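Notes follow the structure.
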Amino acid sequence: VKSILVMIGTPLVAKYIGLDNPQSAMVFGGLMGTTSGVAAGLAATDPKLVPYGAMTATFYTGVGCLLGPSILFFIVNAMF
């Protein structure tokens, strides 16, 4: 659901949030955090921005997948 909302919403709000350069695409990708949604939304907005947004969205997902289980382990280990 999140990916679909980002895909549809990105072209609609791109002009209002200043999504027209690589720096803003990287921030947008990091904030949204869904690689497929960001890539599709940026492709509809400006295809040149896709690699920038997708890179930070992928990093966001990867950090969550790597750190999430470790943090959960330490929390559970501290409790018991």
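Only the coordinates and a few stated rules stand behind these numbers; no lab work does. Keep in mind that this is a model prediction, so the values were computed, not measured. Cβ coordinates were reconstructed from backbone atoms using ideal geometry, including for glycine residues, and neighbour counts include every protein chain displayed.
Every helix of 4 or more DSSP H residues in the chain counts as -39500 (n - 2.57), and over all residues that averages to -28500 deg cm²/dmol at 222 nm.
Over all projection directions, the Cα-based convex hull of the chain averages an area of 5.8 nm². Note on ILE75 and TYR16: the model spin-label points, each 7 Å out from Cα along the C-beta direction, lie 3.4 nm apart. If you run the Gaussian network model on the chain, springs between alpha carbon atoms under 10 Å, then out of VAL38, VAL50, VAL63 the most flexible one is VAL63.
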